[in-house]
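Peer 1: Attaching a single structure in structure tokens format; questions to follow.
The values are calculated or read from the model by the stated rules, or taken from the named source; none is laboratory data. Bear in mind the structure is a predicted one, so any value in this text is a computation, not a measurement. Neighbour counts run over all protein chains shown; Cβ positions are idealised from the backbone, glycine included.
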Amino acid sequence: MELAPVFDWLYNQLSALGLGDTLNNLISLIVVSVIVFGFLCLVALFLVWWERKISAHVQQRFGPMMTGWHGALQTVADAVKLLQKEDITPAIADRNVFFWAPVVCFTCAFAAYVVIPFGDGLIVSDLNIGILYIIAITTFTIISLLMAGWGSNNKYALLGGMRSAAQGVSYEVPLVLSILGVVMVTGSMSMNDIVRAQSGWGGFHWNVFFQPLGFLIYVTAATAETNRTPFDIPEAEQELVAGYNVEYSGMKFAMFFLAEFINMFTVSAITVTVFLGGWNGPFLPSWVWFLGKTLFMVFIMMLFRWTYPRLRVDQLMEFSWKVLLPLAFLNIVYVGVFAKWLNW
Amino acid sequence: MAEQLRTEEMMVNMGPQHPSTHGVCRLILTIDGEVINDCVPVIGYLHRAIEKICENRTYAQCIPLMDRFEYVTAMSCNWVFALAAEKLSDIEIPERAEYLRVIMAELNRMASHLLCIGVTSMDIGALTPFLYTFREREMILDLFEMTCGQRLTYNYIRVGGVSRDIPPEFVPMCRQFLDIIDAKVDDYERVLTENPIWIARNKGIGIIPEQMVYDYAISGPSARASGVNFDIRKHDTYSIYDRFDFEVPVFYGCDSYDRYRARIAEVRQSARIVRQALDGLPDGPVRAKVSMNFKTKPGEVYTRIENSRGEMGINLISDGSRKPFRVRARGGSYNHLMALPDIVRGTKIADLVAIFASLDIIMPEIDR
């Protein structure tokens, strides 16, 4: 199950074949990427189905029931259908920007998984700047949405792209500041170090117990980062029809759609890693703990969507700059003071 | 620096195909970023010439056309036309028919308000209350289906009474519905009324000052949310509404939030009326003896009733023949739509959607 040993094992096997060093590295990297990619596609397909089921049960419906057990194969069928669709590029669109936007979006969502620790040792690469890398790479998603909005050459799409840029930039600040508290306490930006620092108390020495405020700020800002209700103004279908992806169809649309769900899984995974003890936990294997906690956070975010109305764009900005940001600073001061006094 | 940057307004066509224009309404918006500088409604995409077709039909044939006039509350449309024809020809309505008309119209008002509350919440992004209100609306539609076989265009209230008597299981099922509706409305209120996001999105948004109500002849719950105590059921009583004990909920906030609360309160009041009507329902015939091709006296009448969207009226001119000489229908939505530009100027696009929904504008009533 461990990816780093898989990588080493592959590397050794390939070395025995007498290929060059560069080629060895390349092949091993591709194999590991394919494993992660396959896992993520499965996750995204599962989450789409799960969201439909949760929304259905919240709304006293059944949701998909016909394809497979309780509609379990519904998203597979949908994906296959989208693959068969004609790929339409509007005549007035900027062809290059239009083409690359979903690619950038999906790649960024995918690239974040380099440093996410799925279990004890189950990490592709433990970068010493792991959390910084994730924040940097997920921010690229905003650029892709802006590209989609601009490249479509459609007024609704442009409005959606602009909204997502404004929202992404505003919520990035409290998001980073809320993580800063944990980095201060841990003294490291490596994801593995952050998880190990929470392994005390029989696996329950979680940061959320020490920094509940930081946790709440992160979850709120992360919901906004992933464009989920109540912060889903970039794709508010009642106002902008579909927002930035209004001109996209077929597999390009599916890439945006799947990227959104992968992003949701990413921010939940970061929440778990940074605040909820990562893969720490008694009795069960580490990856079960990690997946269980992450899916629980995803479940919470889905419940948000099916419970709350949507904020307006100016209220959203106000909330970020006037409420979340001061609270995030307060959290840093609080963490600094207590870390110094109590030697956490 | 700001002078060197050139910014310009953007024209956006909202509709005719747009998820939240409730039909085929087209709004030409002039927007500056997110702020609406101007809004020009374009109507007529749903024009079916109902009034003109009526001139070539007998009075009995006009009733099903009236269903299409405003299909969300088709009972009221049937009723207002029947009232006009009856007024011109001095037909006595049996007692039981009057009660059935009140029951059906009030049930239909509840269904319409439930639709509006659900759609408003959906337009503001809360998708779940929409399904909840439709769950209760479904029960009302089942009652209608059991009575006249139709769920949307009933053709039930005819000149001289109603088309047929209710089936025996109607009364117990209706009572069962009335028993749960109050608790269900409490449920909606728990999800929406106290929700801080709902309040932020609705309170102080879409202000209709009292003067604007008079200027644009806004009526119905939208007027009563602006402090205008006017309900045709009370103040220009028709049928047997004077026999029932109910209140006219009036709110003074003038905003979307109070329009929503007015509708919630009216659902409760309608339930009260239906309960009283079921208690007092007499036996007897449900239809006066009216020939199929009856003639009216020559003359002109205007009848109006309180619909869920405001005053609904029919101006009927007859030359004494079997067919109306001229029919002119009036619905509340037209006035609401014409007031929309004044209400939304200076607000955000997201507010426009919320205001449009809170005014409960539906297009067939406007285009006819």
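Peer 1: In the list B:Leu192, B:Leu100, which residue meets the criterion of being away from chain A (no Cβ under 14 Å), in contact (Cβ under 8 Å) with a residue 40 or more places away in the chain and surrounded by 20 or more Cβ atoms within 10 Å (Cβ to Cβ)?
Peer 2: On the way: B:Leu192 fails: away from chain A (no Cβ under 14 Å).
Among B:Leu192, B:Leu100, only B:Leu100 is away from chain A (no Cβ under 14 Å), in contact (Cβ under 8 Å) with a residue 40 or more places away in the chain and surrounded by 20 or more Cβ atoms within 10 Å (Cβ to Cβ).
Peer 1: Against the condition aliphatic (A, V, I, L, M) and within 14 Å of another protein chain (Cβ to nearest Cβ), how does B:Leu65 come out, does it pass? Even if it seems obvious, please write down each step before you answer.
Peer 2: Values: aliphatic (A, V, I, L, M): yes; within 14 Å of another protein chain (Cβ to nearest Cβ): no.
In short, no.
Peer 1: May I ask you to verify whether A:Lys340 is assigned to a helix (DSSP H, G or I), within 14 Å of chain B (Cβ to nearest Cβ) and either polar (S, T, N, Q) or surrounded by fewer than 17 Cβ atoms within 10 Å (Cβ to Cβ) (or both)?
Peer 2: no
Peer 1: List the helices (runs of 4 or more DSSP H) that sit entirely inside the stretch B:167-218 and contain at least 3 residues that are among the hydrophobic types (A, V, I, L, M, F, W, C).
Peer 2: On the way: elements: B:170-191, B:196-202, B:210-216.
In the stretch B:167-218, B:170-191, B:196-202 are the helices (runs of 4 or more DSSP H) which contain 3 or more residues that are among the hydrophobic types (A, V, I, L, M, F, W, C).
Peer 1: Residue by residue through the stretch B:107-137, note down the ones that are crowded, with 24+ Cβ neighbours inside 10 Å, touching a Lys or Arg at 6+ places or on another chain (Cβ under 9 Å), in a helix (DSSP H, G or I) and at the interface with chain A (Cβ under 10 Å from one of its Cβ atoms).
Peer 2: Once the filter is applied, which keeps residues that are crowded, with 24+ Cβ neighbours inside 10 Å, touching a Lys or Arg at 6+ places or on another chain (Cβ under 9 Å), in a helix (DSSP H, G or I) and at the interface with chain A (Cβ under 10 Å from one of its Cβ atoms), the stretch B:107-137 yields only B:Thr120.
Peer 1: Can you report the number of residues in the stretch B:145-166 which are under 13 Å from B:Ile103 (Cβ atoms), assigned to a loop (DSSP other than H, G, I, E, B) and of a type outside the set (Val, Ile, Thr)?
Peer 2: Qualifying residue count for the region: 3.
Conditions (1) over 30 Å from B:Asp187 (Cα atoms); (2) modelled with pLDDT under 80, marked per residue:
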position: A:Asn25; (1), (2): yes, yes
position: A:Cys41; (1), (2): yes, no
position: A:His70; (1), (2): no, no
position: A:Asp78; (1), (2): yes, no
position: A:Pro90; (1), (2): yes, no
position: A:Asp94; (1), (2): yes, no
position: A:Phe98; (1), (2): yes, no
position: A:Ala109; (1), (2): yes, no
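Peer 1: Quick one: how many residues across the stretch A:41-96 are within 14 Å of chain B (Cβ to nearest Cβ), touching a residue at least 12 places away in the same chain (Cβ under 8 Å) and in contact with a Ser or Thr (Cβ under 9 Å, 6 or more places away or on another chain)?
Peer 2: So the answer is 4.
Peer 1: Same structure again: Of the numbered conditions (1) without any contact (Cβ under 8 Å) to a residue 24 or more places away in the chain; (2) closer than 30 Å to B:Gly313 by Cα, B:Pro209 satisfies every one except a single condition; which is it?
Peer 2: Going through the list (1) without any contact (Cβ under 8 Å) to a residue 24 or more places away in the chain; (2) closer than 30 Å to B:Gly313 by Cα, B:Pro209 breaks only (1).
Peer 1: While we're on this one: Is it fair to say B:Gly346 is outside any strand (DSSP E or B), within 14 Å of another protein chain (Cβ to nearest Cβ) and either surrounded by fewer than 21 Cβ atoms within 10 Å (Cβ to Cβ) or in contact with a His (Cβ under 8 Å, 6 or more places away or on another chain) (or both)?
Peer 2: So B:Gly346 passes the test.
Peer 1: On to the next question. Is it the case that the stretch A:102-114 has a residue that's surrounded by 17 or more Cβ atoms within 10 Å (Cβ to Cβ) and over 21 Å from the mean Cα position of the chain (by Cα)?
Peer 2: No, the stretch A:102-114 contains no residue that is surrounded by 17 or more Cβ atoms within 10 Å (Cβ to Cβ) and over 21 Å from the mean Cα position of the chain (by Cα).
Peer 1: Would a scan of the stretch A:318-336 turn up a residue that is within 11 Å of another protein chain (Cβ to nearest Cβ) and over 26 Å from A:Trp50 (Cβ atoms)? It would help to see each step written out before you state the result.
Peer 2: Step one: filter the stretch A:318-336 for residues within 11 Å of another protein chain (Cβ to nearest Cβ), giving A:318-319.
Filter once more, so that each one left must be over 26 Å from A:Trp50 (Cβ atoms): A:318-319.
Within the stretch A:318-336, one or more residues are within 11 Å of another protein chain (Cβ to nearest Cβ) and over 26 Å from A:Trp50 (Cβ atoms).
Peer 1: Suppose we keep only residues that are away from chain A (no Cβ under 13 Å) and of a type in the set (A, V, I, L, M) within the stretch B:195-218. Which one would you say is surrounded by the fewest Cβ atoms within 10 Å (Cβ to Cβ)?
Peer 2: The qualifying residue surrounded by the fewest Cβ atoms within 10 Å (Cβ to Cβ) is B:Ile207.
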